[in-house]
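Only the coordinates and a few stated rules stand behind these numbers; no lab work does. Remember, it's a predicted structure, so these values are computed and weren't measured experimentally. Here the Cβ positions follow ideal geometry from the backbone for every residue, glycine too, while neighbour counts run over all protein chains shown.
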Amino acid sequence: MPAPDGGVQQRPERIGLLGGTFDPPHAGHLEAARRCREQLDLDRVLLVVANHPWQKAPVRDISPAADRLAMVGVAVAGLDGIEASGLEIDRGGPSYTIETVEELLGLAHGLDRPPPELFVIVGADLADGLGTWERVEELRRLVTLVVVSRPRSPVTDPPPGWRTVLVEGPGIDVSSSEVRAGVVEGRPLDGLVPEPVIRCIQRRDLYAVRR
């Protein structure tokens, strides 16, 4: 498309944001990211590692952010269009999706690029809790919500008030809490966690004495 100055008009980048604690990342996260990228024709999906997951931190101990980012980094290595993001870690403090969205829009503006089309990806088990998110009304205006079904959480009706896309999720029935328990109990993790993540857990001695 021609730009007003005679150059080529850049099209907006389509970016999926799959945020989370990723303590640890598992096969379900990666397959959900892959399906969303393919079905929604996204340029890339960012696995955004929370610095301080304010809704989970009061409930249990959270692994250091650097360890969680390292695990996501090795998990996505070599995956086309799926990237680890430390934006929220670099920003510090509690992690709010609205601030990450604003940062990505600001980065595009600073580079004189069109504002990206942003897709916030959540599991169906989290959709009912969206009303508790920080500045949720502003977030709704800025993004498209992608709700991914999980084996124990099928998608029924989309949350009201959002531009919503429903994606059939992977049939992999796994959660990070189950992986942590498996490490403590010495159970095999084959098929549930990518092998590079297993090696990263071992090198960093994660989950050895807690769940």
Give the angle, between 0 and 90 degrees and rounded to the nearest 10, that separates the Cα long axis of helix 176-185 from the longest principal axis of the Cα atoms of the chain. 20 degrees
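Enumerate by residue number the trypsin sites (Lys or Arg not before Pro) in region 25-108 meeting two conditions: DSSP loop (anything except H, G, I, E, B), and at most 15 other Cβ atoms within 10 Å of the site's Cβ. Show your work: numbers first, answer last.
Details: sites: Arg34, Arg35, Arg37, Arg44, Lys56, Arg60, Arg68, Arg91; in loops: Lys56, Arg60.
Those that pass, being in a loop and sparsely packed, are Lys56, Arg60.
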Sketch the reach of a paramagnetic label on Ile172 as a point 7 Å from Cα along Cα-to-Cβ, and name the residues of region 66-84 whose backbone nitrogen lies under 19 Å away. 68-84
Quick one: which residues, 5 or more positions from Gly20 or on another chain, have an amide H under 5 Å from its amide H? H modelled 1.01 Å from N in the peptide plane, none for Pro or chain starts. Val48, Ala50
Working note, region 14-204: Cα radius of gyration (Å, one decimal) and Dmax (Å, whole number) are 16.0, 52
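Highest first, please rank the peptides 110-117, 179-186 by the mean number of other Cβ atoms sitting within 10 Å of their residues.
Numbers: 110-117: 11.9, 179-186: 15.0.
Ranked from most to least packed, the peptides come out as 179-186, 110-117.
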What dipole magnitude, in Debye to the nearest 20, does region 105-211 give about its Cα centre under +1 on Lys/Arg Cβ and -1 on Asp/Glu Cβ? 340 debye
Give me the angle, in degrees from 0 to 90, between the Cα long axis of helix 97-110 and the longest principal axis of the Cα atoms of the chain, rounded to the nearest 10. 40 degrees
Length gain on complete extension for the stretch Arg60 to Arg204, per 0.36 nm per residue less the alpha carbon to alpha carbon distance? 49.9 nm
Karplus couplings for region 33-42 from phi (6.51 cos²θ - 1.76 cosθ + 1.60, θ = phi - 60°), rounded to Hz, Gly and Pro as x? 4, 5, 5, 5, 4, 6, 6, 9, 6, 7
In debye to the nearest 20, the charge dipole size for the chain, taken about the Cα centre with +1 at each Lys and Arg Cβ and -1 at each Asp and Glu Cβ, equals 440 debye
